[in-house]
1. Using Cα pairs closer than 8 Å and at least 6 residues apart in sequence, work out the relative contact order for segment 200-352, in percent.
2. Would you please give the residues with an amide H less than 5 Å from that of Leu94, counting only those at least 5 places away or on a separate chain, with H modeled from the backbone geometry?
3. Using helices alone, I'd like the mean residue ellipticity at 222 nm for the chain: each DSSP H run of four-plus residues gives -39500 (n - 2.57), total over residue count, nearest 500.
4. Given the chain reduced to its alpha-carbon atoms as identical point scatterers, what log10 I(q)/I(0) does the Debye formula return at q = 0.09, 0.10 Å⁻¹?
5. Report, ordered by chain and residue number, the aspartates and glutamates lying within cross-link reach of Lys90, taken as a straight Cα distance under 13 Å and ignoring same-chain residues fewer than 8 apart.
6. How about segment 460-531: which trypsin sites (Lys or Arg not before Pro) there are in a DSSP loop, with at most 16 other Cβ atoms within 10 Å of their Cβ?
7. Cα centroid distance between segment 465-498 and segment 136-166, in Å?
8. Between Phe296 and residues 5 or more places away or on another chain, which pairs have amide H atoms under 5 Å apart, with H built 1.01 Å from N, and which residues are they?
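What follows is calculated from the coordinates using simple rules that are stated; it is not laboratory data. As the structure is a prediction and not an experimental result, all values here were calculated from the model. Note: ideal-geometry Cβ built from the backbone for every residue, glycine included; neighbour counts use all protein chains shown.
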Amino acid sequence: MRTLMPQHVTAGLSLLFVGTFACMAAADTKPEQADVTVSEEPGQRVVREEILPDEMQPEDGFAFRARLRLDRQGDRDSDASRCRLLEDGKPLPLPQSRHAEIREQGGGRYSHWTASQLYFSASDSSDPRTNGRKYELVSSEDFVRKTAHLTATSDSTSFAIAVPEGTRVRPLRIVLQNLDTRRAVVPRLVRRGEPDITSAAAIVESITNAEMTDEQRAVAIWKFLVDWRYHDYPAEERGEVHDPVKLINVYGYGFCDDSAAAFCALANQAGMKSRSYGLSGHVVAEAYFDDAWHMFDPDHEVVYRTDDGTIASVAQLEQHPEWITRIPTDPLGVASKRMAELYTTRDDNRLYQAASSPAAVLRPVLGAADRVVFDFTDTRRIHRRGGLDRPLPQSFANGTRTQSISLPGSAGDVPKSVQIRWPYAILGGKVAIPSIHPRDNAALFISNDGEVFEPLDIVTQEAQAEASFDDWIQRQRSATYSFWLKAGHAPLSCQLDTYFQFAPRSLAQVRPGLNDFDLFLEGIDNNSSSGARRVRVELLWEELTQAEATLP
């Protein structure tokens, strides 16, 4: 359980500034100038993160390692973390300990090493996973919560938000609302300088150029995957996470085969031959250029070079483990000697074609008056098929799309259904039906193919009825990106809330420095003409100062 516990919040909402920012030209059209209002609210809170037994791993000697989620500067980042580790509510005595001392002496020594890593020992050097004690990492932080509002009225709008360099920024929410009551729109908010990640073609076009050699293009693809995803248990074992667009936008994490498959998909998009190589315990990718194969490992964030500086192939690494062991560990912390063993045991190395789902395109459609909230702080739901006893991924978040729908009911003996589509993995949701009376005998059905429908339970309270499809989503074999709803005999006018998963890294966020944003609005079908669109944008974030730990 992880909680942010407010200690006190300074009252009063103050207007920081209202301004008009000059816009840069985009797509041969002059962007509309955006009036941006930024408000701020200062406060302070105590932050507690409980370290659960299944999140602890033995490291060496008396030392244990725990993975953290809440972003707080550690000893390596700031020389002295201001967090304190509590054991059953009492502070352990020896923070900022050297790792060797934690391993060899235990006795409550610990180091909050980075934002995501804690090295520690129990006060009596026992096993903290089984000693029955509660461990919490505690600190207090001062913050200023800021909200930026603007309304875009053209197909292309630019605006800027400045944050002092060196400031720690925590994104909270991005809200997009289509204010047009007649036309649907596809919004795309981008932070200038970051790649377009809406399709495999867009990714390759963003990170490569015509002047690059094949090796430079392959390295650019490898580096993109290193930067935009991280190593963690995938959402499911099949090809769902092999698609680079889903890997980067929906999840942001996966294992070696997911990263290798994504590399191959992007390399193929760039016009290079590619393949996956299974090493019986690890999977890497190879790209073909300069009349040879070359190995790329985006999951462990490495390539290995031969003595003459070219990128080695798997076949070469089978013969030359010394090219791997030039460094003691790879960036994931795995001993290079262990990795070399995977390559040199050649009998179980094999080529294979990774399974993948059809290439995705990220094109979120907001219907008339639809609203979508990307909430970086909401981690109540997650798409996982298998491995439910494993710790949650380090970084993921939930969003909610809200829309009004009309279900026409039966036409003769055939009820008409409405398909709901969304490019992010759907985690559940609810259908709210206002102004309903028990005698209306309302009925609601759901389907994953538009053919076979299941009834949803409608719970009525006073004049409001509600039906959840959370359980139905959990029963689906793989990730759900669309479903069908239909009413029974009586038509229904409903509000639909659809919950979904997104990768926080994939969204345009406020960061330290000058943030230049572009908002592009695309029409759909026969409503693609320019002019007079209205989409409201809200960005909410916190600028943080970590204070001293507040101890009992």
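1. Value for segment 200-352: 19 percent.
2. Tyr110
3. -3500 deg cm²/dmol, from helical runs alone.
4. -0.83, -1.02
5. Glu136
6. Of the trypsin sites (Lys or Arg not before Pro), the ones in loops of segment 460-531 whose Cβ has at most 16 other Cβ atoms within 10 Å are Arg475, Arg477.
7. 34 Å
8. Ala285, Glu286, Ala287
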